[in-house]
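The next block holds one structure in the form of structure tokens; read it before the comments.
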Amino acid sequence: MRRLVLCLILAALPAAAQDREGRNTPGDWVVTHQKPFGLWDSVCDERLEDGAMHRRCYIRYVDVFSPRPSFAAHFVFVTPNGKDVRIEYGSEPGTRFVKDGHRIERDGEIVWQPMQAACLTGGSCVFTGPPGAELYAALRAGGEWRFDFADRHGQVQSLSWDLDPFDAAAADFEAESDERGLR
């Protein structure tokens with residue numbers, strides 16, 4: 001059941017699953033690689049666009065923590081951005097984090113926190129360049145990505161994502177991206 005809900009969520013994410021007309025469907029993407037690493041999936045897919053093959057690879061995790069009727073979820077996508085990465089974290093609009101409620105912890109210490117207001121309120125939360133490299137390094141080093149917040153329905157939530165498998169997912173993602181000439 002959780003896999004079905006995850007598939008429905010992925011189909012609704014515009015950056016990852018819109019068809020060419022912008023409809024929220026998987027469209028004609030064909031998965032060429034998918035490997036799970038705990039919570040994390042390393043995925044590559046492709047489709048023909050204007051006579052040329054378009055390929056992409058990414059690491060993803062989608063956490064559906066409140067099913068219907070009070071649906072709510074968080075997600076993260078890591079994609080190649082030249083030799084660097086682009087990391088997009090998302091939560092539902094209306095999400096409100098408590099003080100220090102969005103963080104990466106390792107051995108009981110906070111090692112990373114977002115500073116952008118949008119990352120704490122359900123807005124656009126994207127990391128590239130040095131901030132993306134810093135977050136990617138923190139994810140690869142392991143620990144827990146912790147979230148303490150009130151969701152868009154006012155329900156208090158506390159989530160923890162295990163980062164220990166992330167390094168292996170990142171190594172797979174990088175190898176598959178390199179194989180396809182995406183980095």
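The values are calculated or read from the model by the stated rules, or taken from the named source; none is laboratory data. Note that the coordinates shown come from a computational prediction; the quantities given were computed from them, not determined experimentally. When we count neighbours, we look across all protein chains shown, and the Cβ atoms used for this are built from the backbone with ideal geometry, even at glycine. The area values use the complete protein model at the heavy-atom level, side chains included, leaving out ligands, DNA and RNA. Shrake-Rupley method; radii C 1.70, N 1.55, O 1.52, S 1.80 Å.
Couplings 3J(HN,Hα) of region 163-174, computed from phi: 8, 4, x, 5, 4, 5, 5, 5, 4, 5, 4, 5 Hz, in residue order, whole Hz [Karplus 6.51 cos²θ - 1.76 cosθ + 1.60, θ = phi - 60°; x for Gly and Pro].
For Ile110, the accessible surface of its heavy atoms amounts to roughly 80 Å² (probe 1.4 Å, protein chains only, rounded to the nearest 10). May I ask for log10 I(q)/I(0) of region 39-97 at q = 0.17, 0.24, 0.25, 0.27 Å⁻¹, from a Debye sum over the Cα atoms as equal point scatterers with solvent left out? The calculated log intensity ratios at q = 0.17, 0.24, 0.25, 0.27 Å⁻¹ are -0.73, -1.00, -1.03, -1.09.
Here the Karplus relation 6.51 cos²θ - 1.76 cosθ + 1.60, evaluated at θ = phi - 60°, turns the backbone of region 121-127 into coupling constants of 9, x, x, 5, 10, 10, 10 Hz, with x for every Gly and Pro.
With the charge dipole of region 61-169 set up from +1 on Lys and Arg Cβ and -1 on Asp and Glu Cβ about the Cα centre, the Cα lying farthest toward the positive end among the listed residues Thr79, Thr121, Phe166 is that of Thr121.
For the chain, the square roots a ≥ b ≥ c of the C-alpha gyration tensor eigenvalues yield an a/c of 1.5 or more together with a/b not exceeding b/c, which makes the shape oblate. Our coupling estimate for region 106-118, obtained by passing each phi through the Karplus curve with A = 6.51, B = -1.76, C = 1.60 and θ = phi - 60°, is 9, 6, x, 10, 6, 10, 7, 8, x, 10, 5, 4, 4 Hz, Gly and Pro reported as x. Average projection, convex hull of the Cα set of region 61-169: 6.7 square nanometres. The alpha carbon gyration tensor of region 91-141 gives principal lengths a ≥ b ≥ c with a/c of 1.5 or higher and a/b no greater than b/c, which makes the shape oblate.
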